Each structure stands twice: as C-alpha cells, then as structure tokens.
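Single-structure report; data block below.
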Amino acid sequence: MLSRIADSLFWLNRYLERTDAILRTLHTNYTLSLDKGDYNALHWRQLSAMFSSAEEEKRVHMEQNPLALVQHLIYDSENTNAIRVMVIKARENARGAQDHITKEVWEQVNQIYHLINNPLLQQRIMRNDTLSVLEQLGTQLIHFNGVTDSTMPRNMGWNFMALGKFIERCIITLELSDRNFAESGYELTHSRDILYWRNLLLSLSGYELHLKNYRSTNYNQNVADQVLFNKQFTRSVIYCLDRIGFYLVKVIQRNQSDEALSLQKNFGRLHSKVEYADMKMLQEKGVQAYLHEVKTDLFHFNHQLSHLFFSYA
C-alpha cells in the first residue's frame, strides 16, 4: 500500500475519533450544566484547554458562556480542533483514499460533512436546541463506526484505520484522565465523590460500567483502575494498547526492516508499562508521573510509526 493512502486512512479515523470524543464530552458537559453542580465550571475549563487553540483570554470568557464554547468547538474555523474543521479534513482524507474504502463508508463521511455544513444546524444551536444538535451529530459518528466495522474488508487499509482510531482514543483517555486527576491532586488515598468523576466517566461512555462493576467507595482508585487497567472497558488505556498491538503486528508482518523491529520493541515496552502495572505500583510511582510517562511513550511511538509508514520527516 502506498504511504500516501495509508496516511489518509490513518488520519481519516483519527479525525473522526477525535470528533466523536469532543461531541461526547460536549454533550456530557452541556447536559450536566443544566443541573447546578459544584464542578461545572471546572469541566468547561478542562474542555476548552484540551480542544481549543484560542488565546487564554478568549477561552476564559467562553468558559463562562457554555453556548459560546459549544459554537466555538463546533464551528470556529480558526480553532484547529473544531468539529467542522476535522470533518472537512476527514473527508479530504477519505476522498484521497476513496478506492480503498467502501461505498458505504464514503457515503457516511459525506453525510457527516453535509450535516455539519448545513446552516440550519448552527441556527438550531443559536435557538438553544443544542442538545438535540449534539445528539444528531453524535448519532452520525456512531453510524460511521458501525458502517466502517460492518463493510470494510479486513485488509491493510483496515489495519491502518484501526491504528489511527485506537491511538487517538488512547490519547484522549490519557489527556482527560490526566486533567481530572490533576484537579484532585493526583490523589489515590483521599477520594473525591462519584459526582466529581461522573463527568469523566460519562465523557468516556464508562459511567454505567463503573456503577455495575465497582463496589468500593474509593472512587479515585476505582476510576484509575477503570481508565487504565480494565480490559472490559473499550476506552481504557490497556484496551486501546491491546488493539494497537494487534494491528501493529499485521502492518509490519511484511516489513522486516530494522526500523520496524525497533518500532515493535518500543511498543512492547510501552504496552508492558500498562499490562503489568497495578494499583500498588501506581501509588509508588505517582499518578502524575505514570500518566505523563505513558503519554510521552505513546507520542514517541506515534511519531516513529508515522516516520516509518507515512514517510514523515
């Protein structure tokens, strides 16, 4: 497969995975903001810091006006992480690799593209129909994931799409978790209540799983275990790394170069840091140091992967 095609497929899924994460987080924050909770301002601040490239003064102003922040994160073309910007980039990548995706995937990408560029959608946000707009956009992203999973052949193109998806998902989980643990002082022994962690868990679609599987009232440790080590949770760090490892083997099986071997070994070291970690080790090392180490190693792996397969300088 040409590196240009592999790159397009990889970034098609990365952009839409990030879009899905922003929509889910926006929907969670906006829904909870309708209920006067203690942590609403905190979570808007985290959201703007993660996904807005605006200057700090503008971000601070928008954090006090959730509707303005929603519009900024969806439509502001000056924001590199705005949903419309990422959907346009995703469509460009899909167009560049159109012969390597199914007709259904291309049509669904177009469906999302035309929806986000429909002026009536922005007018509905301005008329305070924000929740239904976020739900409609989120549904289209769910459709994309379903159509892709059910129609794409399991070939090399699929492998690069899956790598893009799970690398982006792992980064999002690490970033959201890091910011929430930072606000709690990276503390594991003195626990915040479940209402503090509800925003993070809902943003990762893991709140219901948490309530069903964790009985202890030490919510800090429970959340750390879920987002880092729980293999049943599809947005946990270990689940994402397991899937990355699975597809990495497939893309390098025909590439036995020294660079490919180095990439595989580096990923193995990253994977083992999560696979063989536990809560005792996390407490000894410190949550902050551990999260930052895993993030740094993941970014390095992503850079090495891109250099090897996509010919990045």
- Task: Any chance you could count how many residues in the stretch 128-153 are surrounded by fewer than 14 Cβ atoms within 10 Å (Cβ to Cβ) and closer than 15 Å to HIS114 by Cβ?
- Result: 1
- Run down ASN13, ASN79 and say which single residue is out of contact with any Cys (no Cβ under 8 Å at 6 or more places or on another chain), open to solvent by less than 20 Å² (accessible area, probe 1.4 Å) and part of a helix (DSSP H, G or I). ASN13
- Somewhere in the stretch 37-48, is a residue in contact (Cβ under 8 Å) with a residue 12 or more places away in the chain, outside any loop (DSSP other than H, G, I, E, B), in contact with a Ser or Thr (Cβ under 7 Å, 6 or more places away or on another chain) and open to solvent by less than 10 Å² (accessible area, probe 1.4 Å)? yes
- Message: If I filter the stretch 251-274 for residues that are closer than 18 Å to THR189 by Cβ, of a type in the set (D, E, K, R) and either in contact with a His (Cβ under 8 Å, 6 or more places away or on another chain) or touching a residue at least 12 places away in the same chain (Cβ under 8 Å) (or both), do I get at least one hit?
- Response: no
- Query: Hey, among the residues in the stretch 272-313 that are open to solvent by 80 Å² or more (accessible area, probe 1.4 Å) and of a type in the set (Gly, Ala, Ser), which one's modelled with the lowest pLDDT?
  - Reply: ALA313
- Task: Answer yes or no: is there a residue in the stretch 108-127 that is aliphatic (A, V, I, L, M), in contact (Cβ under 8 Å) with a residue 24 or more places away in the chain and closer than 20 Å to SER150 by Cβ.
- Result: yes
- Query: Within the stretch 197-218, is even one residue among the aliphatic types (A, V, I, L, M) and over 22 Å from THR25 (Cα atoms)?
  - Reply: no
- Message: Any residue that is touching a helix residue (DSSP H, G or I) at 6+ places or on another chain (Cβ under 9 Å), within 24 Å of TYR30 (Cα to Cα), assigned to a helix (DSSP H, G or I) and touching a residue at least 60 places away in the same chain (Cβ under 8 Å) - is there at least one of those in the stretch 154-164?
- Response: no
- Task: May I ask you to list the residues in the stretch 179-198 that are assigned to a helix (DSSP H, G or I) and open to solvent by 10 Å² or more (accessible area, probe 1.4 Å)?
- Result: ARG179, ALA182, GLU183, ILE194, LEU195, ARG198
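The values are calculated or read from the model by the stated rules, or taken from the named source; none is laboratory data. Values in this document were obtained by computation on a predicted structure and should not be read as measured data. Please note: Cβ atoms are built from the backbone with ideal geometry, for glycine as well, and neighbour counts cover all protein chains shown. The protein model used for the area step is the full one, side chains on, heavy atoms only, and it has no ligands, DNA or RNA in it. Shrake-Rupley method; radii C 1.70, N 1.55, O 1.52, S 1.80 Å.
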